[in-house]
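> Have a look at the structure that comes next, please.
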Amino acid sequence: MNISEEFNALILRRKSIEGDVDYENEQIIQDAIQLMIKDITATISFLDNDCTEEQFVWLSEIFDEIAERSNSSEFITALRRVAKRFPEAVRKYNIEYFIDSAAEYLN
């Protein structure tokens, strides 16, 4: 499976969780973070070429963790490129804030 397919499977699992999510201890969140950081170059390629609007919205909840663990400025730049493709979702879900917050984790 590629990143897009794996992330879609994780999104389905994530949608089944109701109420507040414990981001530090919820396995689905940790699985999503691990998927995205195991090969940051592949993740950036996914963002540039395959990421759907729905995937981008769900991914926004873990931007901080990915940025902190990968320490990749290229990841943040890719997020900004994707944000330009989905301006309505960015406005609706305040995704620009999440990108800016994730950028603060870079050293």
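> Out of everything in segment 1-33 that is of a type outside the set (A, V, I, L, M), assigned to a loop (DSSP other than H, G, I, E, B) and without any contact (Cβ under 8 Å) to a residue 40 or more places away in the chain, what residue ends up being surrounded by the fewest Cβ atoms within 10 Å (Cβ to Cβ)?
Taking the candidates together, the pick is G19.
> Within segment 73-96, work out how many residues are hydrophobic (A, V, I, L, M, F, W, C) and either exposed (fewer than 12 other Cβ atoms within 10 Å of the Cβ) or free of Cβ contacts under 8 Å to residues at least 12 places away in the same chain (or both).
Counting residues in segment 73-96 that are hydrophobic (A, V, I, L, M, F, W, C) and either exposed (fewer than 12 other Cβ atoms within 10 Å of the Cβ) or free of Cβ contacts under 8 Å to residues at least 12 places away in the same chain (or both) gives 1.
> Regarding segment 34-45, can at least one residue be identified that is surrounded by 16 or more Cβ atoms within 10 Å (Cβ to Cβ), touching a helix residue (DSSP H, G or I) at 6+ places or on another chain (Cβ under 9 Å) and within 15 Å of I95 (Cα to Cα)?
The answer is no, given that none of the residues of segment 34-45 is surrounded by 16 or more Cβ atoms within 10 Å (Cβ to Cβ), touching a helix residue (DSSP H, G or I) at 6+ places or on another chain (Cβ under 9 Å) and within 15 Å of I95 (Cα to Cα).
> If you check every pair at least six apart or on different chains, which have Cβ atoms under 9 Å apart with a residue in segment 47-58 that is over 16 Å from N2 (Cβ atoms) and in a helix (DSSP H, G or I) first and a residue that is at pLDDT 95 or above and of a type in the set (S, T, N, Q) second?
Hits for this filter: E54/N8.
The values are calculated or read from the model by the stated rules, or taken from the named source; none is laboratory data. Here the structure is a predicted model, which is why all the values come from computation and not from measurement. Neighbour counts are summed over all protein chains in view; Cβ atoms, including those assigned to glycine, are modelled from backbone coordinates with ideal geometry.
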